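The values are calculated or read from the model by the stated rules, or taken from the named source; none is laboratory data. Since this is a predicted model, take the numbers as computed values, not measurements. Note: ideal-geometry Cβ built from the backbone for every residue, glycine included; neighbour counts use all protein chains shown. To get the accessible areas, we keep the full protein, side chains included, count just its heavy atoms, and leave off ligands, DNA and RNA. Shrake-Rupley method; radii C 1.70, N 1.55, O 1.52, S 1.80 Å.
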Amino acid sequence: AAAAALGLLPLGKTQSPESLLDIAARKVAEKWPFQRVEERFERIPEPVQRRIVYWSFPRSEREICMYSSFNTGAEDPAAGSGCAAG
């Protein structure tokens, strides 16, 4: 309520802080492929595995297009991927 009164948040909207699990999983996913995490640690709790996998996938449409396009020898690298070049 105090943050909304100061104009930091829109009225009627509250924000909850990001969980420590999500912060840690995001940092792990940014640094290491999930396969390496699985190989390195014997036991990873299921909720932790799910969050690391979640954060391992690209977030922006540009990154999704870049990683999902297959280079089939076409001149346009985005050809055949369904993504607009640019």
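Observations on the model:
- Comparison of Ile44, Ile64 shows that the only residue that is modelled with pLDDT under 90, surrounded by 12 or more Cβ atoms within 10 Å (Cβ to Cβ) and β-branched (Val, Ile, Thr) is Ile64.
- So Pro33, is it open to solvent by 60 Å² or more (accessible area, probe 1.4 Å), at pLDDT 80 or above and not small (Gly, Ala, Ser): yes
- Test for Val53: is it more than 14 Å from the chain's Cα centre (by Cα) and either assigned to a loop (DSSP other than H, G, I, E, B) or modelled with pLDDT of 80 or more (or both): no
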